[in-house]
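**Q** This is the structure I have questions about; it appears just below.
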Amino acid sequence: MDKSKRLKILLEKGYFPSELPPPFVTHPLAKFRSSILRQWDDVDGVPKTKFETYSVPRVGNRRRKLAITNPISQTLLSKAIADNWIEIRQFVGSSRIALDTPNLAENQSRAIPKPDFNQIKFKRLETKARHAHILVSDISRFYGTIYSHTLPWALHTKDHCKSNINNNAVMQNLLGDKLDRLVRKGQYNQTIGMPIGPDTSRILSEIIAVGIEKKLLICPD
């Protein structure tokens, strides 16, 4: 699968939240992606945009806020991911403990198919058969509390990023820094939080989660 095909899948199947009703589609955006990007090449810089939110019911009386991102911001972020998918896939695939690894799917309803949560149940049963206790943890409001600067920290280590923070020649060539800037531009330069709904957020959150794993398990970079 080449870069253009990966971008098409992300825009066509991974743009809107899966909870959005079927009449809302992004097939035209995906179809004319190359033309749109050529036109945008004449524009100086990346726009600063905001995403719209709407909520859907959750268990109990709670609701979940989902995001409808700006099409230009989402296209530019999706292109960065599509162009660098091999590097991203290699990084998230390096996890030692993940039960599921996100992968772009051509013949599925979503760009990144949802994980099989039954694997968690099976893992718990397997663990219970071997051990007396299980430690269960969760990251509260993971998407809403993500700090976008952790993307370059996860991919390139925090020490490397901090030591080159004033070296634009180095930082601008880092994939993590580019993803960080594109995420921030899509939410009016805010560094806290990530839109819930687009499959790009699933990919980016996986990068951060693997970065956390490497730090906790003291895995080699």
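The values are calculated or read from the model by the stated rules, or taken from the named source; none is laboratory data. Values in this document were obtained by computation on a predicted structure and should not be read as measured data. Because the Cβ atoms are built from the backbone with ideal geometry, glycine has one as well, and the counts that use them run over all protein chains shown.
**Q** Being among the charged types (D, E, K, R), surrounded by fewer than 18 Cβ atoms within 10 Å (Cβ to Cβ), closer than 21 Å to Gln187 by Cα and more than 17 Å from the chain's Cα centre (by Cα) narrows it down to one of Lys31, Lys48, Lys65, so name that one.
**A** Going through Lys31, Lys48, Lys65 in turn, the sole match is Lys48.
**Q** Inside segment 147-185, can you point out the residues that are farther than 15 Å from Pro195 by Cα, under 13 Å from the mean Cα position of the chain (by Cα) and among the hydroxyl-bearing types (Ser, Thr, Tyr)?
**A** Of everything in segment 147-185, just one residue is farther than 15 Å from Pro195 by Cα, under 13 Å from the mean Cα position of the chain (by Cα) and among the hydroxyl-bearing types (Ser, Thr, Tyr), namely Thr150.
**Q** It is to be established whether one or more residues within segment 76-86 are without any contact (Cβ under 8 Å) to a residue 60 or more places away in the chain and closer than 30 Å to Lys214 by Cα.
**A** Yes, because at least one residue in segment 76-86 is without any contact (Cβ under 8 Å) to a residue 60 or more places away in the chain and closer than 30 Å to Lys214 by Cα.
**Q** Further question on the same structure: Tell me the residue from Gln39, Gln90 that is within 17 Å of Leu204 (Cα to Cα), over 14 Å from the mean Cα position of the chain (by Cα), in a helix (DSSP H, G or I) and not acidic (Asp, Glu), please.
**A** Residue meeting the stated conditions: Gln90.
**Q** Restricting to segment 186-195, count the residues that are in contact with a Lys or Arg (Cβ under 9 Å, 6 or more places away or on another chain) and buried (at least 20 other Cβ atoms within 10 Å of the Cβ).
**A** Qualifying residue count, segment 186-195: 2.
**Q** In segment 68-101, what residues are aliphatic (A, V, I, L, M) and either under 25 Å from Lys121 (Cα atoms) or surrounded by 13 or more Cβ atoms within 10 Å (Cβ to Cβ) (or both)?
**A** Of everything in segment 68-101, those that are aliphatic (A, V, I, L, M) and either under 25 Å from Lys121 (Cα atoms) or surrounded by 13 or more Cβ atoms within 10 Å (Cβ to Cβ) (or both) turn out to be Ile68, Ile72, Leu76, Leu77, Ala80, Ile81, Ala82, Ile88, Val92, Ile97, Ala98, Leu99.
**Q** Something else about it: Is it the case that Gly144 is in contact (Cβ under 8 Å) with a residue 40 or more places away in the chain, at positive phi and either surrounded by fewer than 18 Cβ atoms within 10 Å (Cβ to Cβ) or within 13 Å of the chain's Cα centre (by Cα) (or both)?
**A** Criteria not met by Gly144.
**Q** Further, regarding this structure: Evaluate segment 147-162: report whether one residue or more is modelled with pLDDT under 90 and part of a loop (DSSP other than H, G, I, E, B).
**A** The answer is no; no qualifying residue exists.
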